[in-house]
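Asks: Pasting a structure here, questions to come.
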Amino acid sequence: MAKISLQNMEFYAFHGHFKEENVIGGRFRVDVEIETDISRAAESDSLSDALDYGLVYEVVKKEMKQVSHIIEHVAGRIMNSIYNAFPGIEHVTVTVAKLNPPVGGKMDHFSVTMTR
């Protein structure tokens, strides 16, 4: 068993409770950790035996394009899509962070982390 991480994927998307966020958009960061058996890939040195990180990125990118009102929904969709696309995985952790959120003051980000 191993943990594969895709960290600090950054997207410009239109998620948010406020109407302006759905029009203007904002920056988001996504981290994904996947636990899976990598023994075949470690032995063969072949991408066909490994989890394709590029395909994981494409799954995240596709979900980030679909507008949601809250990042909890975005994180849940990403998690479900990863499980559907890669049936052999054991566990997934997804963190979606909204950078510079409109909260009336200076804040780096807020985030939601889901694990299944």
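Asks: Using only the alpha carbons of segment 1-58, what is the convex hull's orientation-averaged projected area in square nanometres? If you can, show how the numbers build up before the last one.
Replies: Values: hull surface 19.0 nm².
About 4.7 nm², averaged over all directions.
Asks: Going toward the positive end of the dipole of the chain, with +1 on Lys and Arg Cβ and -1 on Asp and Glu Cβ, which of Met1, Leu51, Val92 do you reach last?
Replies: Towards the positive end, the residue furthest out is Val92.
Asks: Sorted from largest down, give the three principal axis spans of the alpha carbons of the chain, whole angstrom values.
Replies: The principal-axis extents, from largest down, are 52, 23, 21 Å.
Asks: Which value, in Å² rounded to 10, gives the accessible area of Tyr12 with a 1.4 Å probe and all protein chains present?
Replies: 130 Å²
Asks: Now, a different point. Rounded to the nearest 10 Å², what accessible area does Lys62 show when all protein chains are kept and the probe is 1.4 Å?
Replies: 140 Å²
Asks: Something else about it: What dipole magnitude, in Debye to the nearest 20, does the chain give about its Cα centre under +1 on Lys/Arg Cβ and -1 on Asp/Glu Cβ? All intermediate terms of the calculation are to be shown ahead of the outcome.
Replies: Values: 12 positive and 16 negative charges, 122 e Å.
Value, rounded to 20: 580 debye.
Asks: Accessible area per residue, 1.4 Å probe, Å², for the chain: what's the number? It would help to have the intermediate numbers written out before the result.
Replies: Working: 7020 Å² over 116 residues.
About 61 Å² of surface per residue is accessible.
Asks: Then there's this: How long are the three semi-axes of the equivalent ellipsoid for segment 65-116, computed from the Cα gyration tensor as the root of 5 times each eigenvalue, in whole Å, largest first? Mind dumping the intermediate values first?
Replies: Numbers: eigenvalues 135, 27, 9 Å².
Those come to 26, 12, 7 Å.
Asks: Right, here's the next one. Skipping prolines and chain starts, which residues have an amide H placed within reach, meaning under 5 Å, of the one on His69, given they are 5 or more residues away or on another chain?
Replies: For His69, whose amide H was placed from the backbone, the distant partners under 5 Å are Gly16.
Asks: Using a 1.4 angstrom probe on the protein heavy atoms only, line up Arg29, Arg40, Arg116, Arg77 by accessible area, largest first.
Replies: On the way: Arg29 55, Arg40 165, Arg116 120, Arg77 30 Å².
Correct descending sequence by accessible area is Arg40, Arg116, Arg29, Arg77.
Asks: Quick one: putting +1 on the C-beta of Lys and Arg, -1 on the C-beta of Asp and Glu, what dipole do you get for segment 51-116 around its Cα centre, in Debye to the nearest 20? The partial results should precede the final answer.
Replies: Values: 7 positive and 6 negative charges, 46 e Å.
Once rounded to the nearest 20, the dipole reads 220 debye.
Asks: Here is a further query. Specify the angular offset, from 0 to 90 degrees and rounded to the nearest 10, of the alpha carbon long axis of helix 53-65 from the longest principal axis of the alpha carbons in the chain.
Replies: It is inclined by approximately 20 degrees.
Asks: Over the chain, how many pairs of lysines fall under 20 Å by alpha carbon, counting only those 8 or more apart in sequence or from different chains?
Replies: Values: Lys19/Lys65; Lys19/Lys98; Lys61/Lys98; Lys62/Lys98; Lys65/Lys98; Lys98/Lys106.
Within the chain, the lysine pair count is 6.
Asks: Using heavy-atom solvent-accessible surface (probe 1.4 Å) with all chains present, what is the largest-first order of Phe86, Phe28?
Replies: Numbers: Phe86 30, Phe28 0 Å².
In descending accessible area the options line up as Phe86, Phe28.
The values are calculated or read from the model by the stated rules, or taken from the named source; none is laboratory data. Everything quoted here is computed from the prediction, not taken from an experiment. Glycine gets a Cβ as well: all are built from the backbone with ideal geometry, and neighbour counts include every protein chain shown. Just so you know, the surface numbers come from the protein's heavy atoms only, side chains and all, with ligands and any DNA or RNA stripped out. Shrake-Rupley method; radii C 1.70, N 1.55, O 1.52, S 1.80 Å.
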